[in-house]
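Visitor: Before I ask anything, here is the structure I am working with.
None of the figures in this text is laboratory data; all of them are computed from the coordinates on show. Just so we're clear, the structure is a prediction, and the values are computed from it rather than from any experiment. For neighbour counting, all protein chains shown are included, and Cβ atoms are generated from backbone atoms with ideal geometry for every residue, glycine included.
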């Protein structure tokens, strides 16, 4: 199994356009698997549980860029503030405020993506377009010197209908492009569009994604028994 991870990473990176970053989604995977991906040249890892990410951060090389890709509760931000690079799923102004507060305490700047709800399923988190725009226009935002909103993230519906996936990804790309032209301030620098996972990343890339979150296509099926 071991050499398979290296092989998968090499093949994936050969397929990806130069402007697309690969986030290796390593949740539930043992440290040995992450180390092997690291040895194959992977430097960006995505986790969805803060405790698990903190344990891996302590055990693995310090030049890894850690991304929190799961839903974040405000009371947990302090545990990842010392090291997290990018938080993908920011879905409230309250959360953004807490990230800024904890980043300040750690003398760091934390990058954030606002999550726009594009899927049909109710189970998916995310902001409405109106709520997302309200955050970008919030008068208090200019005082947040320890965060930078670097883009948007979206999770498409769990479907094999390619036309629906394209529609959802294109909607996110359109809103991203529109707001990018309107809003660029010191702490709003819209350049990252995180969309696409193992099952749909080729479609997401064709629709303009600049960052894909790939887990099972690198590490194999996930083990949820842990």
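Visitor: Run the numbers for residue 189 and residue 58: contour at 0.36 nm per residue of separation, minus the present Cα-Cα distance, in nm.
Guide: Extra length available between residue 189 and residue 58 comes to 44.2 nm.
Visitor: Compute the projected area of the convex hull of the Cα atoms of the range 72-116, averaged over all viewing directions, and report it in nm² to one decimal place.
Guide: The orientation-averaged projected area of the Cα hull of the range 72-116 comes to 2.6 nm².
Visitor: Which value results when the Cα radius of gyration for the range 30-97 is divided by 2.2 N^0.38 Å?
Guide: For the range 30-97, the normalised Cα radius of gyration is 1.13.
Visitor: Express the Stokes-Einstein translational diffusion coefficient of the range 106-226 in µm² s⁻¹, to the nearest whole number, given a Kirkwood radius over alpha-carbon pairs, 4 °C and a viscosity of 1.567 mPa s.
Guide: It diffuses with D of about 84 µm²/s by this estimate.
Visitor: So how do 184-190, 211-217, 139-145 stack up, highest first, on mean other-Cβ count within 10 Å?
Guide: Averaged packing, sorted descending, gives the order 211-217, 184-190, 139-145.
Visitor: Right, here's the next one. Which percent, to the nearest 5, of DSSP beta bridges fully inside the range 139-226 are antiparallel?
Guide: Antiparallel bridges make up about 10 percent of those DSSP assigns within the range 139-226.
Visitor: Next question, about the same structure. With each run of n ≥ 4 DSSP H residues scored as -39500 (n - 2.57), what mean residue ellipticity at 222 nm is computed for the chain after dividing by its residue count and rounding to the nearest 500 deg cm²/dmol?
Guide: Result for the chain: -11500 deg cm²/dmol, rounded to the nearest 500.
Visitor: Stretch residue 221-residue 178 to full length: gain in nm at 0.36 nm per residue minus the Cα-Cα span?
Guide: Contour length minus Cα-Cα distance gives 11.8 nm.
Visitor: Which whole number of Å³ per residue matches the convex hull of the alpha-carbon atoms in the range 2-56?
Guide: It comes to 78 Å³ per residue, whole-number rounded.
Visitor: Could you tell me the calculated FRET efficiency between residue 13 and residue 49, based on Cβ-Cβ distance and R0 = 35 angstrom, to the nearest 0.05?
Guide: So the FRET efficiency works out to roughly 0.85.
Visitor: Express as a percent, rounded to the nearest 5, the fraction of DSSP beta bridges in the chain (both residues included) that run antiparallel.
Guide: Counting only bridges with both partners in the chain, antiparallel ones make up about 5 percent.
Visitor: Test of understanding: what is the full-extension gain from residue 71 to residue 85, defined as 0.36 nm times their sequence separation minus their Cα-Cα distance?
Guide: 3.5 nm
Visitor: I want to make sure I understand the PRE zone here: with the label point 7 angstrom from the Cα of residue 142 toward its beta carbon, which residues in the range 174-205 have backbone N atoms less than 13 Å away?
Guide: 184-188
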